[in-house]
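S.K.: Next up is a structure, given as structure tokens.
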2 protein chains.
Amino acid sequence: MPLSRQLSSSRIRDDGRGIPDATVARLPIYHRVLRSLADDAVHTISSDHLAQRCGVSPAKLRKDLSHLGSYGTRGVGYEVDFLSYHISRELGLSQPWGVVIVGVGNLGHALVSYKGFASRGFEIVGLLDSHPDVVGEKVCAGETDLVVQPMAELEKVVSSSNASIAVIATPADAAQKVCDRLVAAGVRSILNFAPTVLSVPVGVEVRKVDLAVELQILAFHEQRRVDDLTPLAQVMQA
Amino acid sequence: MPLSRQLSSSRIRDDGRGIPDATVARLPIYHRVLRSLADDAVHTISSDHLAQRCGVSPAKLRKDLSHLGSYGTRGVGYEVDFLSYHISRELGLSQPWGVVIVGVGNLGHALVSYKGFASRGFEIVGLLDSHPDVVGEKVCAGETDLVVQPMAELEKVVSSSNASIAVIATPADAAQKVCDRLVAAGVRSILNFAPTVLSVPVGVEVRKVDLAVELQILAFHEQRRVDDLTPLAQVMQA
DNA sequence: AAGCATTTGTGCCTTCGTGCACAAAGTTGA
DNA sequence: TCAACTTTGTGCACGAAGGCACAAATGCTT
């Protein structure tokens, strides 16, 4: 029996959820812009206009949205609230997600105070840190306050809060151990801010955000730009 | 004469210039792992082993490195220091880059205290904020202390420090104005943490890091996983 | 010196992502 | 009602990216 195909991320029916990864990565942008438009009392918007606000090409936007279904009206455009609802539904924002943050340094504090979580269905249900000075600190997270728990409580916090997403904001040398404990506790989705490569078993998804990597990519293009200013060297060598 | 191709000459710039974006995005990872290996006194490493540490496939690693030139030895592997040097050179890490950070909230503080900048040639040369309580604050950045400047000093700070990269860590509603002023002051590379789409003229590169977007992508896959647990319902309804 | 073991570098093929262009579908106005 | 206009949804073609497999090149051993 070909069971292996079930594990593949590719779906056969386009009617279902065969949404390309590149599209999924852009849906949150579309959703955010649509919410902003709704706040400005905009009812309908064309793909050209919406695409410009999202920083993508109109054709790409239309193809992305076509993967969700035909939610536009030809000759008119898309109804903002209607499209926003369907995107949020597809992204799973209609149900709440519990998030545990491990590591409450400057970055952890920034994450807790970030306003964009609660409005998109994410609720911070646990804060963990190993440093004695931080443990016990009361942190204002949205409407409710949270107390930073010691690292020993990790398994208990994850299981009791039924958190499904974890954020690692620890130093690099602690990240892998934290990751292993999170996975053992049942977490299958991890957002990693520590500058290290995490190894996880299959079935666990890790996304990484690396500040230094982003800067180095910028530096590469910046240097290439500088090199292009000296085309004489190339002519001389030829 | 067939000038189009010259083999075995890694110094030909035409070959080194066309590095795919996907490769450039992985080079910082390779570099970081190589530096770590060097600290552990590892002299040579094979592509299989290095690939495993970097979380990529060996074939991909070799193809990535082949874009830089032939820096490996068949039958042996890659010399750690040698390869590390060539990657850092290609990324432009051999020369220092001045970085200005706009917005010194929790996230800004986290960026300033991040250790990975100085070791990769990035030096924070300016801190800017609009809030009176933050302006004037002395922040410890690596070896030297920096004082947060008021936003009015933006143009002066950028031009006097000759910064080429800027980081926007402000709230979303201030980001576009800050971006415009940075571009007008001569900045051509911007790392944007604000959850908004920035519009810039051609020739300016913007990379964005959006925390909520990353969480929403995780939530999408998490939801898909939950939906896959109930395939019977779909079959029954069909 | 010669053969064996090991590892790199790369050609080929498949898959994924993007842009173009246009038919289909809906609205507006007379 | 019908024609002109607007906008969506999509087929197609092209380029980028990834994986496989193997020839070329190097070290080691006899």
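The values are calculated or read from the model by the stated rules, or taken from the named source; none is laboratory data. What you are looking at is a predicted structure, and each value in this text was computed from that prediction instead of being measured. Neighbour counts are summed over all protein chains in view; Cβ atoms, including those assigned to glycine, are modelled from backbone coordinates with ideal geometry. The protein model used for the area step is the full one, side chains on, heavy atoms only, and it has no ligands, DNA or RNA in it. Shrake-Rupley method; radii C 1.70, N 1.55, O 1.52, S 1.80 Å.
S.K.: Take the Cα of B:Lys60, step 7 Å along the line toward its Cβ, and report every residue of segment B:16-50 whose backbone nitrogen sits under 17 Å from that point.
M.R.: Taking a point 7 Å out along Cα→Cβ of B:Lys60, the residues of segment B:16-50 whose backbone N falls under 17 Å are B:20-34, B:47-50.
S.K.: Per q in 0.11, 0.13, 0.17, 0.19 1/Å, what log10 I(q)/I(0) does a Debye calculation on the alpha-carbon atoms of segment B:97-213 return?
M.R.: The Cα Debye sum returns log10 ratios of -0.31, -0.43, -0.77, -0.98.
S.K.: From largest accessible area down, sort A:Cys54, A:Cys140; use a 1.4 Å probe on the protein chains.
M.R.: Numbers: A:Cys54 10, A:Cys140 90 Å².
The ordering from most to least exposed comes out as A:Cys140, A:Cys54.
S.K.: Per-residue ellipticity at 222 nm for chain A, helices alone: DSSP H runs ≥ 4 residues times -39500 (n - 2.57), over residue total, nearest 500 deg cm²/dmol? All intermediate terms of the calculation are to be shown ahead of the outcome.
M.R.: Working: 10 runs with 104 residues, N = 238.
Helix-only estimate at 222 nm: -13000 deg cm²/dmol.
S.K.: Below 8 Å, C-alpha to C-alpha, sequence gap of six or more: please give me the relative contact order for segment B:97-213 in percent. Mind dumping the intermediate values first?
M.R.: Working: 220 pairs, mean separation 28.3, N = 117.
Over segment B:97-213, the number comes to 24 percent.
S.K.: Please identify the DSSP H helices in chain A that span no less than 27 Å along the helix axis (Cα) and have a mean Kyte-Doolittle hydropathy of 0.0 or more. Spell out each step's value before the answer.
M.R.: Details: long enough: A:21-39 (28 Å, 0.08).
Membrane-span-like by this rule: A:21-39.
S.K.: Which residue, B:Gly142, B:Gly18, B:Gly77, has the most motion in a Gaussian network model of chain B that connects Cα atoms within less than 10 Å?
M.R.: It is B:Gly18.
S.K.: Hey, another quick one. Say each of B:Thr73 and B:Ala174 gets a label point 7 Å from the Cα, pointing the same way as Cα to Cβ; how far apart are those two points in nm?
M.R.: Modelled inter-label distance: 5.5 nm.
S.K.: As an exercise, identify the trypsin sites (Lys or Arg not before Pro) in segment A:84-123 lying in DSSP coil whose Cβ has no more than 12 other Cβ atoms within 10 Å. Display every interim value, and only then the final one.
M.R.: Values: sites: A:Arg89, A:Lys115, A:Arg120; in loops: A:Lys115.
Counting only loop positions with at most 12 other Cβ atoms within 10 Å, the trypsin sites (Lys or Arg not before Pro) in segment A:84-123 are A:Lys115.
S.K.: Here's another thing I want to ask about it. Within 10 Å of each Cβ of A:156-168, how many other protein chain Cβ atoms are there on average? Kindly include the intermediate steps, with their values, before the conclusion.
M.R.: On the way: counts 0, 0, 0, 0, 0, 0, 0, 0, 6, 4, 1, 4, 0.
Mean shielding count: 1.
S.K.: Suppose each label sits 7 Å from its Cα in the direction of the beta carbon; what would the B:Lys138-B:Ser199 distance come out to in nanometres?
M.R.: For B:Lys138 paired with B:Ser199, the spin-label model returns 4.4 nm.
S.K.: Tell me the relative contact order for segment B:13-91 as a rounded percent, counting alpha carbon contacts under 8 Å between residues six or more apart. Please report the intermediate quantities before stating the final value.
M.R.: Details: 70 pairs, mean separation 31.8, N = 79.
The value is 40 percent.
S.K.: Here's another thing I want to ask about it. Report, in cubic angstrom per residue, the convex hull volume of the C-alpha atoms of the protein assembly as shown. Before the final figure, lay out the partial values.
M.R.: Details: hull volume 100.2 nm³, N = 476.
Given the Cα convex hull of the protein assembly as shown, per-residue volume reads 210 Å³.
S.K.: Using a 10 Å cut-off around each Cβ of peptide A:42-51, what is the average number of partner chain Cβ atoms that fall inside?
M.R.: Mean partner shielding for this stretch: 0.
S.K.: 7 Å along Cα→Cβ for the label point: how many nanometres lie between A:Asn162 and each equivalent label in the other copies, listed shortest first?
M.R.: 6.0
S.K.: Still on this structure, I have one more. Where only protein heavy atoms count, and the probe is 1.4 Å, what is the accessible area per residue for the protein assembly as shown in Å²? Before the final figure, lay out each step's value.
M.R.: Values: 25240 Å² over 476 residues.
On a per-residue basis, the protein assembly as shown sits at 53 Å².
S.K.: 7 Å from Cα along Cα→Cβ at both A:Glu123 and B:His49: what's the point-to-point distance in nm?
M.R.: 4.9 nm
S.K.: Sticking with this structure for a sec: Could you give the length gained by full extension between A:Ala185 and A:Phe82, i.e. 0.36 nm per residue of separation minus their alpha carbon distance, to one decimal place?
M.R.: My answer for the length gained is 33.3 nm.
S.K.: Specify, per residue and in Å³, the volume enclosed by the convex hull of the alpha carbon atoms belonging to segment A:9-90. Could you put the intermediate results ahead of the total?
M.R.: Values: hull volume 7.0 nm³, N = 82.
Enclosed volume per residue, from the Cα hull, is 85 Å³.
S.K.: Pull up the DSSP beta bridges for the protein assembly as shown and report the antiparallel fraction as a percent, rounded to 5. Mind dumping the intermediate values first?
M.R.: On the way: 16 of 56 bridges.
Here the antiparallel bridges make up roughly 30 percent for the protein assembly as shown.
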